[in-house]
Amino acid sequence: MSVTKGRSRCRYSRRIAGSVSLRLANSRDFPLALSWANQFAYIQHGCVLSIKEEAPMKGTNFSRREFLRSSGLLVSGLALSACVVATPAPSDAESMAGDAAPSVMTFAWWGSPHEKDTVVNMLDAFTEATGIPNEKHHVPYGDYMNNMQARAAANTLPDVFYLPTPFLVAWAQKAVIKDLTDRHASDPEAAIEQIVEVNRFTIGNRVFGTGACTEPYMMFFNRKIFDDRGVDYPPATVEEAWTWDDFIAVAKQVTIDENGNSALDAGFDAENIQTYGVDLPRWGGSWRVYSPGLWQQGSEVYSEDENTFFPDQDIAADVLQKTADTYVQHKVTASPEFLGQVGMSSIQLMENDRLAMFLTGNWSLEALSHTDIDYGEAVVPIMGPHYTVWAPSEAIGVSEQTTDIDSAWALYKWVVFGEGSLALSRTGLWQPQREDLLLTEEGRAKWMTEGVHTQDHITAGCIPAVYNSRRMPLRLGHSEVEGRLLGPALGPVYTGETTAQEALDSVLPEIDGFLAENPNWKPS
């Protein structure tokens, strides 16, 4: 399956106040915990309209301040902003709602303008197929959780919505989202066992939603740069994954200064680099920076009792230092200052032959497919003997406030199990989470798209999603650990001002104290 080229489209430049990584290929690249826990400024193109006033729905009642505090975010003077588009039911619809007029289902999500259009089309198809009308709430990414938290406190939540993983436990604890365990168990079309394990959002064996999609961490590379330097392409199978040392060595081969010298040459000028070898997450305390390296070395983010952060501190320090040293020591990644000055995403840098490789999630295929880049897909390098990657996905939740659970369940199923998931996967933005759609040729034929997915996507994207992926910990207070405590401590590590070990020595006692005061929650 070859990659055909399309015309380049405008990309979006995001600047994140207080963050080390200032350029992002897609809105999904943004570190969720850091953005909302610290209310970072985030530039996002998209429509912004006032959400219309709605009557409060039945549901859990608690004060706005109590709710926002429980979720780790206090917001003042918040404007509820979103793009709201209604899709009426067909006049002759005979749907799941029977003879009674179906309720209007509201769906909320974030995303780039292209993702917005794709989701709108998916929701229109839902109404056409079921006769259930819907109202669409597209909220700019930087405003999303502010918007949703205020709506939850006002009992005006959408029926079905994206929910960032850092907020799942708090929302389940407060009964803001429905426990869907019995629904999944009684509906053969939505059996939770169909979903890859990493996307089963369970707390204490109770299901509070599923992922929207499964998007394992991958590596994308510019074939032209590798060809020009006579360097072999990165491996596309788990069995052949580079060790971290091999990865750094290759990154040096494709890091080129203005005189054509590589980072391995004696005359290499690190102050005037024309092409960087790699871009990878360096987002403060974001779990996606450190968790894969921990798992690959057999360690964990939390101790078994969930009260100790980084129980193997030496391993954690090693992972963080190796990440920082891609810039501090090896100069194969760009400095934060450079990235801030050029204002380009990873894809824009690659499009201009300024970047050879970048590590991110499957979602970047959507943007890559609209460029002239001759791109390839590969597995990521590993820091230990176990090939394990994170597979980020926002949760899809159903509001406890919904007044029509049957229609809400129909919409939820459409997005998670049905045509909705396939439609977004065909664009490269999503990847299905049903195992049969990932592991069988018949299943992949329903969504893999020529010109978007390369043939290597099967081994670099599909198989790791099922067998080699994990997600961030479902731990109450985790977003505050990352955003308020760990992130600020790690900033100087990524610029070489201090070491990872020194930073952890300083901040881990404070983190463990916070965890002791804020135990995790499990349903009774």
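Going through VAL507, VAL416 one at a time, which residue ends up being in contact with a helix residue (DSSP H, G or I) (Cβ under 6 Å, 6 or more places away or on another chain) and among the hydrophobic types (A, V, I, L, M, F, W, C)? Even if it seems obvious, please write down each step before you answer.
On the way: VAL416 fails: in contact with a helix residue (DSSP H, G or I) (Cβ under 6 Å, 6 or more places away or on another chain).
The match here is VAL507.
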Checklist outcome for this item: For helices (runs of 4 or more DSSP H) lying entirely in region 266-342, having 3 or more residues that are buried (at least 23 other Cβ atoms within 10 Å of the Cβ) and charged (D, E, K, R) picks out none
Item to check | Residues of region 146-155 that turn out to be assigned to a helix (DSSP H, G or I), over 20 Å from the mean Cα position of the chain (by Cα) and not hydrophobic (A, V, I, L, M, F, W, C), as a count | outcome: 1
Checklist entry - Any chance region 426-442 includes a residue that's outside any loop (DSSP other than H, G, I, E, B) and of a type in the set (S, T, N, Q)? => result no
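Could you list, in sequence order, all residues of region 156-175 that are assigned to a loop (DSSP other than H, G, I, E, B) and aliphatic (A, V, I, L, M)? Steps first, answer last, please.
Applying the first criterion (assigned to a loop (DSSP other than H, G, I, E, B)) to region 156-175 yields 156-159, 164, 174-175.
Residues satisfying the conditions are LEU157, ALA175.
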Checklist outcome for this item: Considering region 419-456, residues that are among the small types (Gly, Ala, Ser) and touching a residue at least 12 places away in the same chain (Cβ under 8 Å), and then whichever is surrounded by the most Cβ atoms within 10 Å (Cβ to Cβ), we arrive at SER425
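Given ALA266, ALA251, ALA270, which one is closer than 27 Å to GLN455 by Cα and out of contact with any helix residue (DSSP H, G or I) (no Cβ under 6 Å at 6 or more places or on another chain)?
Numbers: ALA266 fails: closer than 27 Å to GLN455 by Cα; ALA270 fails: closer than 27 Å to GLN455 by Cα.
Result: ALA251 is the single residue among ALA266, ALA251, ALA270 that is closer than 27 Å to GLN455 by Cα and out of contact with any helix residue (DSSP H, G or I) (no Cβ under 6 Å at 6 or more places or on another chain).
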Next on the checklist: Here is a list: ALA378, ALA334, ALA410, ALA356. Which entry is aliphatic (A, V, I, L, M) and more than 23 Å from MET219 (Cα to Cα)?
Outcome noted: ALA410
Checklist entry - Do we have any residue at all in region 462-469 that's touching a Lys or Arg at 6+ places or on another chain (Cβ under 6 Å), hydrophobic (A, V, I, L, M, F, W, C) and buried (at least 17 other Cβ atoms within 10 Å of the Cβ)? => result no
Checklist entry - For region 176-190, does any single residue satisfy the condition of being outside any loop (DSSP other than H, G, I, E, B), surrounded by fewer than 23 Cβ atoms within 10 Å (Cβ to Cβ) and within 19 Å of the chain's Cα centre (by Cα)? => result no
Next on the checklist: Quick check on region 120-159: of everything there that is over 15 Å from VAL415 (Cα atoms) and hydroxyl-bearing (Ser, Thr, Tyr), which residue is surrounded by the fewest Cβ atoms within 10 Å (Cβ to Cβ)?
Outcome noted: THR156
Item to check | region 461-481, residues that are more than 15 Å from the chain's Cα centre (by Cα) and assigned to a helix (DSSP H, G or I) | outcome: CYS462, ILE463, PRO464, VAL466, TYR467, HIS478, GLU480, VAL481
Checklist entry - Looking at (1) at pLDDT below 95; (2) within 30 Å of MET383 (Cα to Cα), can you tell me which one PHE226 breaks? => result (1)
Checklist entry - Quick one: how many residues across region 355-412 are under 17 Å from the mean Cα position of the chain (by Cα), hydrophobic (A, V, I, L, M, F, W, C) and outside any helix (DSSP H, G or I)? => result 9
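Test ALA367 against the criterion of being of a type in the set (A, V, I, L, M, F, W, C), closer than 25 Å to THR237 by Cα, at pLDDT below 95 and in the same structural domain as LYS224 (by TED's automatic domain parsing), and give yes or no.
On the way: of a type in the set (A, V, I, L, M, F, W, C): yes; closer than 25 Å to THR237 by Cα: yes; at pLDDT below 95: yes; in the same structural domain as LYS224 (by TED's automatic domain parsing): yes.
Answer is yes for this residue.
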Checklist entry - If you take the residues of region 325-359 that are more than 14 Å from GLY496 (Cβ to Cβ) and among the hydroxyl-bearing types (Ser, Thr, Tyr), which of them is modelled with the lowest pLDDT? => result SER345
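Restricting attention to region 236-255, does a residue exist that is free of Cβ contacts under 8 Å to residues at least 60 places away in the same chain and either in contact with a strand residue (DSSP E or B) (Cβ under 6 Å, 6 or more places away or on another chain) or among the polar types (S, T, N, Q) (or both)? Please lay out each step first, then the result.
Narrowing region 236-255 to residues free of Cβ contacts under 8 Å to residues at least 60 places away in the same chain: 239, 245, 249-250, 253.
Those still in the list that are either in contact with a strand residue (DSSP E or B) (Cβ under 6 Å, 6 or more places away or on another chain) or among the polar types (S, T, N, Q) (or both) too: 253.
Yes: region 236-255 contains one or more residues that are free of Cβ contacts under 8 Å to residues at least 60 places away in the same chain and either in contact with a strand residue (DSSP E or B) (Cβ under 6 Å, 6 or more places away or on another chain) or among the polar types (S, T, N, Q) (or both).
Based on what the data block shows, is GLU497 outside the structural domain of HIS114 (by TED's automatic domain parsing), surrounded by fewer than 20 Cβ atoms within 10 Å (Cβ to Cβ) and not in a helix (DSSP H, G or I)?
Values: outside the structural domain of HIS114 (by TED's automatic domain parsing): yes; surrounded by fewer than 20 Cβ atoms within 10 Å (Cβ to Cβ): yes; not in a helix (DSSP H, G or I): yes.
In short, yes.
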Item to check | Selection from region 188-219 of residues that are over 16 Å from SER421 (Cα atoms) and basic (Lys, Arg) | outcome: ARG206
Checklist outcome for this item: Among the residues of region 191-214, the number that are in a helix (DSSP H, G or I) and either out of contact with any strand residue (DSSP E or B) (no Cβ under 9 Å at 6 or more places or on another chain) or loosely packed, with under 14 Cβ neighbours inside 10 Å (or both) is 1
Item to check | LEU422, sole failed condition from (1) in a loop (DSSP other than H, G, I, E, B); (2) under 23 Å from GLN194 (Cα atoms) | outcome: (1)
Checklist entry - In region 170-199, how many residues are of a type in the set (Ser, Thr, Tyr) and touching a residue at least 24 places away in the same chain (Cβ under 8 Å)? => result 1
Checklist entry - What number of residues within region 352-374 are surrounded by fewer than 24 Cβ atoms within 10 Å (Cβ to Cβ) and among the aromatic types (Phe, Trp, Tyr)? => result 0
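The values are calculated or read from the model by the stated rules, or taken from the named source; none is laboratory data. Keep in mind that what you see is a predicted model, and the values were worked out from it rather than measured. Using ideal geometry, Cβ is built from the backbone for each residue, glycine included, and neighbour counts are taken over all protein chains shown.
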